[in-house]
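Asks: A single structure is presented below for examination.
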Amino acid sequence: MSELEHLLRSRGYRLTNQRRSIVRELEVSRHLSAEEIYDRVKGGYPELGLSTVYRTLDLLHELGIVRKDDFGEGYSRYELTTERLHHHARCRECGKVIEFNEELMEYLALQVERETGFVTDWHEITLHGRCNECS
Ligand SMILES: [Zn+2]
Ligand SMILES: [Zn+2]
């Protein structure tokens with residue numbers, strides 16, 4: 001039994017093929033919206049609706065399997081929480097999401113602590129601007 005299946009079962013859910021296929025898409029690509037996931041999996045599951053994709057993502061989010069990112073686009077993007085920790089920079093021209101290293105943010109948090117005494121235990125930062133192709 002996979003770890004994912006085990007986690008779902010322990011909460012009383014089954015790992016259906018649909019749920020599995022949604023997770024598989026997120027294993028292949030990061031920062032997908034529900035609609036992008038729907039477009040990719042609906043070929044294999046013609047009976048699958050967009051609302052099911054949303055419900056599945058909500059469930060996976062609740063179980064801590066996916067991370068939900070809001071880049072101010074009016075919809076969320078999803079990625080697996082098993083990805084190494086990173087932050088995002090989003091291009092406002094083409095919508096591309098670039099990842100950057102967590103350590104830079106740890107350095108920043110440390111600087112803030114030094115200056116203000118504020119101890120950061122959680123941070124999530126998105127940079128907004130233009131990517132190298134658009135700038
Ligand atoms: Zn990411
Ligand atoms: Zn761009």
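Asks: Could you derive backbone 3J(HN,Hα) for the range 105-119 from the dihedral phi with the Karplus parameters 6.51, -1.76 and 1.60 (θ = phi - 60°), listing whole Hz in sequence and x where the residue is Gly or Pro?
Replies: 6, 5, 5, 4, 4, 5, 4, 4, 5, 4, 7, 10, x, 6, 9
Asks: State the percent of C-alpha pairs, over all pairs in the chain, separated by a distance greater than 27 angstrom.
Replies: Distances greater than 27 Å cover 31 percent of the Cα pairs.
Asks: Same structure again: Size of the dipole of the chain about the Cα centre, Lys and Arg at +1 and Asp and Glu at -1 on the beta carbon, nothing else charged, in debye to 20?
Replies: Charge dipole, the chain, about its Cα centre: 580 debye, nearest 20.
Asks: While we're here: With r as the distance between the Cβ atoms of E102 and R24 and R0 = 35 Å, compute the FRET efficiency 1/(1 + (r/R0)^6) and round to 0.05. All intermediate terms of the calculation are to be shown ahead of the outcome.
Replies: Details: r = 26 Å, r/R0 = 0.73.
Computed FRET efficiency for R24 and E102 comes out at 0.85.
Asks: So between E36 and C94, what do we pick up on full extension, going 0.36 nm a residue minus the alpha carbon distance? Walk me through the numbers on the way to the answer.
Replies: Values: separation 58, 0.36 × 58 = 20.88 nm, distance 1.56 nm.
Value of the extension gain: 19.3 nm.
Asks: Send over the Kirkwood Rh of the range 3-80, from the inverse of the averaged 1/r over different Cα pairs, rounded to one decimal Å. Write down the numbers at each step before the final one.
Replies: On the way: mean 1/r = 0.0796 Å⁻¹.
Hydrodynamic radius (Kirkwood, Cα only) of the range 3-80 equals 12.6 Å.
Asks: Quick one: which residues, 5+ away or cross-chain, put their amide H under 5 Å from the amide H of R67? H built at 1.01 Å from N.
Replies: Residues meeting the amide H criterion: E79, L80, T81.
Asks: Which peptide among 62-73, 102-113, 22-33 comes first, and what is the full order, when sorted by highest mean count of other Cβ atoms within 10 Å?
Replies: Ranked from most to least packed, the peptides come out as 22-33, 62-73, 102-113.
Asks: Based on Cβ point charges of +1 for Lys and Arg and -1 for Asp and Glu, what charge dipole magnitude is obtained for the range 3-80 about its Cα centre, in debye rounded to the nearest 20?
Replies: Around 340 debye, computed over the range 3-80.
Asks: For the range 64-107, list log₁₀ I(q)/I(0) at each q in 0.29 Å⁻¹, using the Debye formula over Cα point scatterers of equal strength and ignoring solvent, two decimals each.
Replies: Each listed q maps to, in turn, -1.15.
Asks: Pairing rule first: another cysteine's C-beta must sit under 4.7 Å. Under that rule, which cysteines of the chain stay single?
Replies: Unpaired cysteines in the chain: C94, C134.
Every number in this text was worked out from the coordinates using simple rules, so none of it is lab data. Source: prediction; values computed, not measured. Quick reminder, even Gly has a Cβ in these numbers, built from the backbone with ideal geometry, and neighbours come from all protein chains shown.
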